[in-house]
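Participant: Below is one structure. I have some questions about it.
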Amino acid sequence: MKWEGNRESENVEDRRDGGSDSSGGGGGGLLGALLGGRGLSVGTIVIAIAGGWLFGINPLTILSLLSGDGAPTAQVQHAPAHRPPADDHMAKFVSTILADTEDVWRDVFTKGGATYKEPKLVLFRGATPTACGQGQSAMGPFYCPGDQKVYIDLGFYETLKTRLGAPGDFAQAYVIAHEVGHHVQNLLGISAKMEQMRSRVSATEANALSVRLELQADCLAGVWAHHAQDARQLLEQGDVEEAMNAAAKIGDDALQRGSGRAVVPESFTHGSSAQRQQWFGNGMKNGSVKACDTFSSRTL
């Protein structure tokens, strides 16, 4: 992936100096629990995720309560954030990818007659407070609509590479683009509507809604890749395969098999490997937000 030398975003906050765990690490959401993420027990994380989908509450909120931190508030106190060091290669990478998503989505929103509000990206280690509750590395990269920030412990990339077998810089870029996709959903009002709907349906139906939301974020990541390639020719041979491999490795069915459990489609919250690959590819092929309407699609 040809990213070096491109513009870096100013919207990156480095909180790693104030993190509670200097070793980093962890996986994404339930993935972190399956892989033995730090900071919280497997049971606590599973309860938080299950309760979140059942009651329509952000899992981070439940984690905050279960860990004794109390209910989260919109005003969050944390160590002063600063710009990442200029010689930090991985921080430079995520700053550059974030900048590219800004360029793409600003243009897409402008052409649609709207204004794109850029998200912040927070680098942290171990744990950090957010407007959605206490964020944990064990949750993996996540987006908090309450403060419109993407949170990532860069140790996740080592997990992605070594534990999940999904190496490559474009696989890493896909992770960021997926979380920015959630930001786009938030700006469009999709996330709020889904939270309302999930609070009125059964756990199985809530899971199905969550799958459609996550697959749409995968598709929106593909939309970014389409426009980034068209405008700046970022991709090199093998990059698309890296992203497709990452999508496959973090599919719900792959994670359940990897943990030694039976595959239970009714429990999926992010989609199967094939679905995640399909919707990322759909966004990348069409480059259109309209092509990412997972909620109207009869089949996923």
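All of the numbers you see were taken from the coordinates with simple rules; none came from a lab. For clarity, every value in this text was computed on a predicted model and none was experimentally measured. When we count neighbours, we look across all protein chains shown, and the Cβ atoms used for this are built from the backbone with ideal geometry, even at glycine.
Participant: Please determine, by comparing only the residues of region 196-213 that are surrounded by 18 or more Cβ atoms within 10 Å (Cβ to Cβ) and touching a Gly at 6+ places or on another chain (Cβ under 6 Å), which one is nearest to Met1 (Cα to Cα).
Facilitator: Filtering region 196-213 for residues that are surrounded by 18 or more Cβ atoms within 10 Å (Cβ to Cβ) and touching a Gly at 6+ places or on another chain (Cβ under 6 Å), the one nearest to Met1 (Cα to Cα) comes out as Val211.
Participant: If you don't mind, another one. State yes or no: is Ala131 under 22 Å from Met244 (Cα atoms) and among the hydrophobic types (A, V, I, L, M, F, W, C)? First the steps, then the outcome.
Facilitator: Working: under 22 Å from Met244 (Cα atoms): no; among the hydrophobic types (A, V, I, L, M, F, W, C): yes.
No; evaluated as a whole, the condition is false for this residue.
Participant: Also, quick follow-up: Given the residues Asp169, Asp100, which is the only one that is surrounded by fewer than 22 Cβ atoms within 10 Å (Cβ to Cβ) and either closer than 21 Å to Val223 by Cβ or β-branched (Val, Ile, Thr) (or both)? Even if it seems obvious, please write down each step before you answer.
Facilitator: Values: Asp100 fails: surrounded by fewer than 22 Cβ atoms within 10 Å (Cβ to Cβ).
The conditions single out Asp169.
Participant: Related question: Do you know which of the residues in region 105-159 that are in contact with a Gly (Cβ under 8 Å, 6 or more places away or on another chain) and polar (S, T, N, Q) is surrounded by the most Cβ atoms within 10 Å (Cβ to Cβ)?
Facilitator: Ser137
Participant: For Ala231, work out the one condition from (1) buried (at least 17 other Cβ atoms within 10 Å of the Cβ); (2) touching a residue at least 40 places away in the same chain (Cβ under 8 Å); (3) in a helix (DSSP H, G or I) it doesn't fulfil.
Facilitator: (1)
Participant: Scan (1) touching a Pro at 6+ places or on another chain (Cβ under 6 Å); (2) buried (at least 24 other Cβ atoms within 10 Å of the Cβ); (3) of a type outside the set (Gly, Ala, Ser) for the single condition Arg276 breaks and write down its number.
Facilitator: (1)
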